[in-house]
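Undergrad: Here's a structure for you.
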Amino acid sequence: MQISGAQMVIEALIAENVDTVFGYPGGAIMNVYDEIYKQDGFEHILTRHEQAAIHAAEGYSKVTGKVGVAMITSGPGFTNAVTGLADAYMDSIPMVVISGQVPMSLIGTDAFQEIDAIGISRACTKHNYLVTDAKDLPRVLKEAFHIAATGRPGPVHVDIPKDVTAQIETYVYPDTVNIPTYKPHTKGNKRQIKKAIDAIAAAKRPLFYLGGGIINSNAAEEVREFVKMTGIPAVETFMARGTLHHEDPLLISMLGMHGSYAANMAMSETDLVIALGARFDDRVTGKLSEFAKHAGVIHVDIDPASISKLVNADYPIVGDVKGVVVEMMALAKKSVDAEVYAPWLETIEHFEQLHPLQYFEDTDRLKPQWCIERVGEILGDDANISTDVGQHQMWTAQFYPFSRPRQFISSGGLGTMGFGFPAALGVKRGAMDKVSINFTGDGSILMNIQELMTAVEKKLPVINIILNNNYLGMVRQWQTLFYDKRHAETDLSVQPDFVMLAQSFGGVGYVVKTKDEFDAALKDAIEKNVVALIDVKVERLENVLPMVPSGGSLFNMMLLENKKES
Amino acid sequence: MENERRVISVIVANEASVLSRISGLFSARGYNVVSLTVAPIPDTDYSRFTIVTKGSVRVIEQITKQLHKLIPVLRVSETEEMIEKEMVLVKFPITENLSDISVLSNAYNGKIANVSTESIIVMIADEPKRVEHFLTAIKRYHPIEIVRGGTVAVER
């Protein structure tokens, strides 16, 4: 088939079963948009900013498990997308991002809207390509989807000059990929697995440390079974929320900087860490030399570079979590005895009673944590939850009753304010049967507020719940605690009228000051089935607790009441 | 955290921007580069990088793993069992003691490579440690310019 490079892009996307592309057109990508106009194999969703296109594709990918696809133009189109690429890279989200580039003859001449896109994206993608000949396009696109989705997933960027999308060549989409230099290791070493199982059998206070890799690997079901079978308690990272059901008796809670007292103490007291698809991030470990000091470490990860990067692994297992857990279960059936953990579980129960995750309704204004719990009570499993970045994000991770993997979509590694709303659009698009809730803050929501237009146009009724404390709350909290209450540039008292703002785009808005108003607004927003901003006036000076100060030991937490140390 | 000097040999697919992928990795993650050489491997689609670096055992392990993670990287080898050589060109004023310089360069697998009215250029090729000795020894002959080639290495 003799077709243009632009047509090849369309054909390849259809061959990869892509049903949604998020993007924004411009000069250098116009040949491809001309072909998008002519086709009906997938839907294109026009966001109102390139950054939002990438976040929407991330949200879509996270909720569906498929590769997210976004399309942008050269120059500023691409540079606007960089934050999204970096976000997807940090959180290992499989993505293919296609950008236009100035024609080959103009590359290097400082042409209009020219920027060295692959030079920039090299630092924030799993891999990238500059396609200099349309003959290479079918292979490159096939490889891009393959690389994005296999091994440790990540974004792949394909930069295509305008004359290459115009070039006519023979098109045959390859069935298979052959990259001799890329063969991710997915099967765990049998001897290491056996050793790890022996270590589990010998441990008295073992602890599962569940990470986001479980969700990427679609291994939550197997992990739930493994946890149940062994009777070993588990902590989840922020990225792993929803791996275990919130009612699972063996789930302690989230660990880390804002983890629960019990989760952090369990990690400090355990004698064997069983890390599954987790990467010992600094927000999880606190001070490394004090982290799980008494414990051996089993580390299962598909990325060899994640193993022994920060914490030495005594039992390193490189492989896909799902397959490794299945093999571990087969061996463990014979050797792990759940009964022996009774004293350990008692200790953890004691920790949980000593300082449960809680908040007090001790002021006139609504507490943000209450709003999150309330949505959990009303919607529970029927909602997919995204967040922006800041206090509301941590409260959501702490207090929402997650019941399944891929229910919680948030920017973990990069911590990108402005992620939540566009991501929620992608989440809604990927799961129309669920209510899409975005918990956000009065700071974050304004960072991609233009997406109200996308939501209205494409009928993606995302409900944004703004936990509005008139502060850049997390930074304000650090200023209060560590900068002697000098609240530099974090007071957001000057604000738009969020109701009128939503209405001006064709959405609905609510101001909420009481519990009744909250319930009514949420109910009405769900019924109206249109994009909503619910402006909830919450307690201004509420802090996220517990808190492990940056660089501190995990067991040294600021706690709710009088910040006494454990 | 003692800083060990290690030689890492990396075989990569011959494709555009592979050099910047590797140098970008070193700068992004704050790894040291003592020297870096690259040339195609004859009759293949691959090139060999020889990178001399310094770091603790943990850092060296990370470097090899991170290099391997790059998509165009076929093989990374980092052993102590390497035969290492480095070539050096040195330019001296013609007025220096030429027989001394000639004897010294002979002792380090070298010879006189070029002579002009103003200067003499010698080349040597030897193990990195011996190269250092040579460079110290010739200081007294007032070298005008020293060009080091960087280490190349092959496994025993």
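The values are calculated or read from the model by the stated rules, or taken from the named source; none is laboratory data. Quantities reported herein were computed from a predicted structural model and do not represent experimental measurements. Here the Cβ positions follow ideal geometry from the backbone for every residue, glycine too, while neighbour counts run over all protein chains shown.
Undergrad: I'd like the full set of residues that are more than 9 Å from chain A (Cβ to nearest Cβ), within 13 Å of B:Thr64 (Cβ to Cβ) and not hydroxyl-bearing (Ser, Thr, Tyr), limited to segment B:5-24.
TA: The answer is B:Arg6, B:Val7, B:Ile8, B:Val10, B:Ile22.
Undergrad: While we're here: Quick one: in segment A:103-117, which of the residues that are under 29 Å from the mean Cα position of the chain (by Cα) and surrounded by fewer than 21 Cβ atoms within 10 Å (Cβ to Cβ) is farthest from A:Gly26 (Cα to Cα)?
TA: A:Asp116
Undergrad: Return the residues of segment A:341-354 that are surrounded by fewer than 19 Cβ atoms within 10 Å (Cβ to Cβ) and either among the hydroxyl-bearing types (Ser, Thr, Tyr) or in contact with a helix residue (DSSP H, G or I) (Cβ under 9 Å, 6 or more places away or on another chain) (or both); say none if nothing qualifies.
TA: Selection gives A:Thr347, A:Glu349, A:His350, A:Glu352, A:Gln353, A:Leu354.
Undergrad: Are there helices (runs of 4 or more DSSP H) fully within segment A:357-455 with at least 1 residues that are touching a residue at least 40 places away in the same chain (Cβ under 8 Å) and over 18 Å from the mean Cα position of the chain (by Cα)? List them.
TA: In segment A:357-455, the matching helices (runs of 4 or more DSSP H) lie at A:368-378.
Undergrad: Looking only at strands (runs of 3 or more DSSP E) that fall completely inside segment A:106-172, which ones have 1 or more residues that are touching a helix residue (DSSP H, G or I) at 6+ places or on another chain (Cβ under 8 Å) and away from chain B (no Cβ under 14 Å)?
TA: Once the strands (runs of 3 or more DSSP E) in segment A:106-172 are filtered for at least 1 residues that are touching a helix residue (DSSP H, G or I) at 6+ places or on another chain (Cβ under 8 Å) and away from chain B (no Cβ under 14 Å), what remains is A:155-161, A:168-170.
Undergrad: Hey, could you check segment A:297-307 for residues that are assigned to a loop (DSSP other than H, G, I, E, B) and in contact (Cβ under 8 Å) with a residue 60 or more places away in the chain and say which is farthest from the other protein chains (Cβ to nearest Cβ)?
TA: Taking the candidates together, the pick is A:Ile302.
Undergrad: Any residue that is aliphatic (A, V, I, L, M), at negative phi, assigned to a strand (DSSP E or B) and in contact with a Ser or Thr (Cβ under 9 Å, 6 or more places away or on another chain) - is there at least one of those in segment A:469-487?
TA: no
Undergrad: Exactly one condition in (1) outside any helix (DSSP H, G or I); (2) away from chain B (no Cβ under 14 Å); (3) among the polar types (S, T, N, Q) is not met by A:Gln192; state its number.
TA: Looking at each condition in turn, A:Gln192 falls short on (1).
Undergrad: In the set B:Val76, B:Val122, B:Val57, which member is of a type outside the set (D, E, K, R), closer than 30 Å to A:Lys183 by Cα and in contact with a helix residue (DSSP H, G or I) (Cβ under 6 Å, 6 or more places away or on another chain)?
TA: B:Val76
Undergrad: Output the residue which, of all residues in segment B:32-55 that are within 13 Å of chain A (Cβ to nearest Cβ), over 17 Å from the mean Cα position of the chain (by Cα) and not β-branched (Val, Ile, Thr), is farthest from B:Asn3 (Cα to Cα).
TA: B:Asp45
Undergrad: Among the numbered criteria (1) buried (at least 18 other Cβ atoms within 10 Å of the Cβ); (2) in contact with a Phe, Trp or Tyr (Cβ under 9 Å, 6 or more places away or on another chain), which single criterion is violated by B:Ile144?
TA: Result: B:Ile144 fails condition (1) only.
Undergrad: Say we look at segment A:308-327 and pick out the residues that are assigned to a strand (DSSP E or B) and away from chain B (no Cβ under 14 Å); which of these is surrounded by the most Cβ atoms within 10 Å (Cβ to Cβ)?
TA: A:Ile317
Undergrad: Are there any helices (runs of 4 or more DSSP H) wholly within segment B:56-144 with 1 or more residues that are modelled with pLDDT of 95 or more, over 22 Å from the mean Cα position of the chain (by Cα) and within 14 Å of chain A (Cβ to nearest Cβ), and if so which?
TA: Ranges flagged: B:57-69.
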